[in-house]
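So the structure is just underneath, and the comments pick up after that.
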Amino acid sequence: VSLAVSNFCGSDATTVLDPVTVLLPTAPVLSATPGHAFNGGKQGTKHLTISVLATEGSGIPVAGADVTLQIDGPFFEVLALTTSSDGTASTRYPNAPNGSYSVSVIDASASGYSWDEEPNTHNFTKP
């Protein structure tokens, strides 16, 4: 790196500096973890709730994160959710069909955060 310096008297000087590493601040990492729950019916498995938890790298919940989930199984759906103050969001499927499900985070964003883009898939079977 060269630095040109002018003084107020009009004379010029050039100084050569050693290389400098500049560390720019990085945004905290956003992670999104899908989950599920069953409820209702005689065995408590009639209805299905798909959920997501958004956290920053230290595990603190992130409110207002926009998370896109892909549901594969007895039905296919791409679902966009926004997390609440506790970092969670969910949607309920009454009388959801039985079978094997796979719920994947395909996108996540929140102001001031950088999504880790780690594949995060949750597999389960609804009896």
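The values are calculated or read from the model by the stated rules, or taken from the named source; none is laboratory data. Model, not experiment: these values are computed from the prediction. Every residue, glycine as well, gets a Cβ built from its backbone with ideal geometry; the counts of neighbours run over all protein chains shown. SASA here: full protein model, heavy atoms, side chains in, ligands and nucleic acids out. Shrake-Rupley method; radii C 1.70, N 1.55, O 1.52, S 1.80 Å.
Chymotrypsin sites (Phe, Trp or Tyr not before Pro) within region 46-127: which are DSSP loop residues with at most 12 other Cβ atoms inside 10 Å? Before the final figure, lay out each step's value.
Working: sites: 75, 76, 101, 113, 115, 124; in loops: 75, 76, 113.
Filter output for region 46-127: 75, 76.
Just to check, using Stokes-Einstein with a Kirkwood Rh over alpha carbon pairs, what's the diffusion coefficient of region 40-127 at 4 °C and 1.567 mPa s in µm²/s? Let's see the in-between values first.
Working: Rh = 13.8 Å.
Stokes-Einstein gives a translational diffusion coefficient of 94 µm²/s.
Counting only protein heavy atoms and a 1.4 Å probe, tell me what percentage of region 26-99's accessible area is made up of carbon and sulfur. Don't skip to the answer; put the middle values down first.
On the way: 1960 of 3750 Å².
Carbon and sulfur atoms account for 52 percent of the accessible area of region 26-99.
How much length would be gained if the chain were fully extended between residue 107 and residue 79, taking 0.36 nm per residue of separation minus their Cα-Cα distance, in nm to one decimal? Could the numbers behind the result be given before it?
Numbers: separation 28, 0.36 × 28 = 10.08 nm, distance 1.04 nm.
Working it through step by step, the gained length comes to 9.0 nm.
Give the distance, in whole Å, between the Cα centre of region 36-85 and the Cα centre of region 90-127.
The distance from the Cα centre of region 36-85 to that of region 90-127 comes to 6 Å.
What does the accessible area per residue of region 15-116 come to in Å², with a 1.4 Å probe and no ligands, DNA or RNA counted?
Details: 5760 Å² over 102 residues.
Per residue, region 15-116 has an accessible area of 56 Å².
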